[in-house]
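Working notes, beginning with the structure itself.
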Amino acid sequence: MGAALPHVFGVEKSCLLKEALEKASPVPRGREDIKRLLKLHKDRFRSDLQWILFCADLPSLIQEGPQCGLVALWMAGTLLAPPSGTPLESLVQVAKERGYTAQGEMFSVADMGKLAQEVLPCQAELLSGGLGGPNRHRVLQHLVTGHPLLIPYDEDFNHEPCQRKGHKAHWAVSAGVLLGVQSVPSHGYTEDPELAGLFYPVPSVPCQLSCLPEEDSPGAVYLLSKQGKSWHYQLWDYDQVRESNLQLTDFSPSRAADGREYVVPAGGVQAGLCGQALLLRPQDASH
């Protein structure tokens with residue numbers, strides 16, 4: 001299958017977006033997008049490691065307004081109910097009817113999980129206590145299996161995770177992982193013909209999870225992530241994502257003063273987002 005143009009929700013309302021979309025090149029599929037990043041930023045990645053890429057292809061959707069969480073859920077839904085997924089309009093409508101959102105914002109991982117299970121054919125597991133410790137292995141296993149992960153974090157100017165105490169709270173979906181290992185198992189993996197040291201699992205061979213990097217191995221795990229302000233994948237250092245997710249405590253003062261309505265759960269941003277993520281699986285998948 002060839003690369004497809006990204007989806008843009010509400011594009012008919014924006015001549016500028018429409019013009020940009022029509023002039024844009026097709027968005028590369030996941031594996032090619034990651035290879036582009038590895039070539040472009042090769043100095044970021046440890047040269048003493050070999051790399052294994054587990055990657056599921058996600059479509060792109062440019063958000064309109066504060067709908068980053070619902071856009072991330074829509075992208076994840078295409079893996080849970082392919083090929084077309086559930087329309088974003090349906091997610092927005094049900095979220096408003098249930099009182100989870102006023103204009104598309106989602107400040108509760110628990111509400112996001114309830115919405116996912118109602119609208120998408122999926123299982124939703126709320127992960128609390130952060131992405132480190134015992135949760136780390138669960139998250140990596142989940143991604144290696146090919147299932148999506150929804151993560152709230154603080155968004156920096158380049159869309160990467162940062163630490164702003166929740167003032168830049170944003171959502172992303174991860175649909176794969178790049179693992180740095182000392183050596184790749186000889187059976188079940190194939191090397192990229194263009195990039196030496198980059199390997200892919202052979203689809204018909206069960207994955208050997210013993211190769212997962214340990215938690216005390218910095219710079220060895222990168223999440224393949226997409227969010228609603230870019231058409232491309234990004235590779236985010238796992239520890240950077242974990243730290244950003246753990247410090248979501250405050251509602252943005254600029255949002256509080258903008259005169260708009262937002263639905264924030266009891267206990268605020270800290271109760272709704274801090275240290276939490278959402279593991280999504282198809283309805284018939286086993287843990």
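The values are calculated or read from the model by the stated rules, or taken from the named source; none is laboratory data. Source: prediction; values computed, not measured. Methodologically, a virtual Cβ is constructed for each residue, glycine included, from the backbone with ideal geometry; neighbour enumeration extends over all protein chains shown.
Among the residues making up segment 236-283, those that are in contact with a Leu (Cβ under 9 Å, 6 or more places away or on another chain) and aromatic (Phe, Trp, Tyr) are Trp236, Tyr238.
Here's the yes/no breakdown for (1) in contact (Cβ under 8 Å) with a residue 12 or more places away in the chain; (2) over 14 Å from the mean Cα position of the chain (by Cα); (3) assigned to a loop (DSSP other than H, G, I, E, B); (4) surrounded by fewer than 18 Cβ atoms within 10 Å (Cβ to Cβ):
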residue: Thr101; (1), (2), (3), (4): yes, yes, yes, no
residue: Glu118; (1), (2), (3), (4): yes, yes, no, yes
residue: Leu140; (1), (2), (3), (4): yes, no, no, no
residue: Leu150; (1), (2), (3), (4): yes, no, no, no
residue: Asn158; (1), (2), (3), (4): no, yes, yes, yes
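A single member of Ala76, Ala124 is modelled with pLDDT under 95, surrounded by 14 or more Cβ atoms within 10 Å (Cβ to Cβ), under 17 Å from the mean Cα position of the chain (by Cα) and under 25 Å from Gln247 (Cα atoms), and it is Ala76. Which one is surrounded by the most Cβ atoms within 10 Å (Cβ to Cβ) among residues in segment 256-285 that are among the charged types (D, E, K, R) and in contact (Cβ under 8 Å) with a residue 60 or more places away in the chain? The qualifying residue surrounded by the most Cβ atoms within 10 Å (Cβ to Cβ) is Arg281. Looking at segment 79-121, which of the residues that are among the β-branched types (Val, Ile, Thr) and either in contact with a strand residue (DSSP E or B) (Cβ under 6 Å, 6 or more places away or on another chain) or at pLDDT below 90 (or both) is farthest from Tyr153 (Cα to Cα)? Here the residue is Thr86. Summed over segment 160-189, the residues that are under 22 Å from Leu38 (Cα atoms), more than 25 Å from the chain's Cα centre (by Cα) and of a type in the set (S, T, N, Q) give a count of 2.
Of the strands (runs of 3 or more DSSP E) lying entirely inside segment 208-287, those carrying at least 1 residues that are at pLDDT 90 or above and among the basic types (Lys, Arg) are 221-226, 277-282. Does segment 50-65 hold any residues that are crowded, with 18+ Cβ neighbours inside 10 Å, closer than 20 Å to Gly104 by Cα and not small (Gly, Ala, Ser), and which are they? Selection gives Pro59, Leu61, Ile62, Gln63.
A Cβ distance below 6 Å, combined with a sequence gap of six or more or placement on separate chains, defines the contacts here; from segment 210-235, residues that are closer than 22 Å to Lys42 by Cα reach residues that are loosely packed, with under 15 Cβ neighbours inside 10 Å and of a type outside the set (Val, Ile, Thr) in the pairs Gly219/Arg46. Considering (1) free of Cβ contacts under 8 Å to residues at least 60 places away in the same chain; (2) under 23 Å from Glu155 (Cα atoms), the lone condition that Val202 does not fulfil carries the number (2).
Count of segment 181-199 residues, restricted to those that are β-branched (Val, Ile, Thr) and either assigned to a loop (DSSP other than H, G, I, E, B) or in contact (Cβ under 8 Å) with a residue 24 or more places away in the chain (or both), is 2.
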